[in-house]
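Here the structure comes first, spelled out in structure tokens, and everything after it is commentary.
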Amino acid sequence: MSTESTDPVEPPAGVVPAPDEAETDETPKKNNWLKFVIVGVLAVVLVGGGVWALTSLNSTGAGDCVSASPKDADKPDGEWNLSSEGCNDTAATHRVAVVLKSAEDQCPAEGLYEPVKSGDETLCLMPNLIEGKCYNSGDDGVFKQEACTPESPVKIVKKVDGLPEEGTVCPETAGEWRFSEPASVYCMGVPEGS
């Protein structure tokens with residue numbers, strides 16, 4: 001049998017064990033430099049992402065609904081105030097029918113489109129009208145939703161997507177308001193009781 005002890009041997013007092021890795025004066029400097037690089041990269045990514053989000057989220061495309069009115073009511077051909085809205089929101093006065101690609105392009109011929117400048121773009125806006133709702137035209141030419149009363153000028157009795165043959169979709173007492181892009185027909189009547 002062996003008489004050797006299996007107890008751990010402790011170093012004599014005053015002797016410090018050697019560190020696993022030798023530290024030098026350069027290690028903290030390398031870590032600080034690395035921290036600045038990481039912070040710089042993160043700042044570039046955050047600023048770039050913010051700019052992308054602002055430009056892409058604020059762009060308005062065909063089919064989007066907006067609240068729109070001329071900045072100057074006396075100059076409806078000038079700049080307009082636009083803000084994105086949900087299409088069923090009462091504030092959504094218009095729908096973007098077409099975004100024109102150049103200054104020579106025109107809004108579609110069939111329908112009542114309002115060419116509007118928004119920054120560098122020209123948008124063709126059409127009224128955003130909801131079936132069953134009543135509307136009045138304001139001084140600026142914008143259709144505004146109102147409560148249906150016998151005094152209301154117009155009620156949208158039916159809305160049809162597509163362009164069926166004229167006279168086939170609206171009741172006899174309603175007039176057709178046709179738009180070629182997006183293809184749609186509004187059947188406009190008067191509120192009941194008037």
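The values are calculated or read from the model by the stated rules, or taken from the named source; none is laboratory data. All values derive from a computational prediction rather than experimental measurement. So basically every Cβ, Gly included, is an ideal-geometry build from the backbone, and we count neighbours across all protein chains shown. We work out accessible area using only protein heavy atoms, side chains counted, and drop any ligands, DNA or RNA first. Shrake-Rupley method; radii C 1.70, N 1.55, O 1.52, S 1.80 Å.
A single member of E104, E151, E79 is open to solvent by 70 Å² or more (accessible area, probe 1.4 Å) and free of Cβ contacts under 8 Å to residues at least 12 places away in the same chain, and it is E104. Taking the listed residues T122, T173, T168, the one that is at pLDDT 85 or above, touching a Gly at 6+ places or on another chain (Cβ under 9 Å) and among the β-branched types (V, I, T) is T173, with no other qualifying.
Within segment 119-144, residues that are free of Cβ contacts under 8 Å to residues at least 12 places away in the same chain sit with their Cβ atoms under 7 Å from residues that are part of a strand (DSSP E or B), at 6+ positions apart or across chains, in these pairs: G138/K144.
Report yes if P164 is surrounded by fewer than 16 Cβ atoms within 10 Å (Cβ to Cβ) and either under 30 Å from the mean Cα position of the chain (by Cα) or of a type outside the set (S, T, Y) (or both), otherwise no.
Numbers: surrounded by fewer than 16 Cβ atoms within 10 Å (Cβ to Cβ): yes; either under 30 Å from the mean Cα position of the chain (by Cα) or of a type outside the set (S, T, Y) (or both): yes.
In short, yes.
Would you say C187 is buried (at least 18 other Cβ atoms within 10 Å of the Cβ), without any contact (Cβ under 8 Å) to a residue 24 or more places away in the chain and over 25 Å from the mean Cα position of the chain (by Cα)? When the stated conditions are applied, C187 does not pass them.
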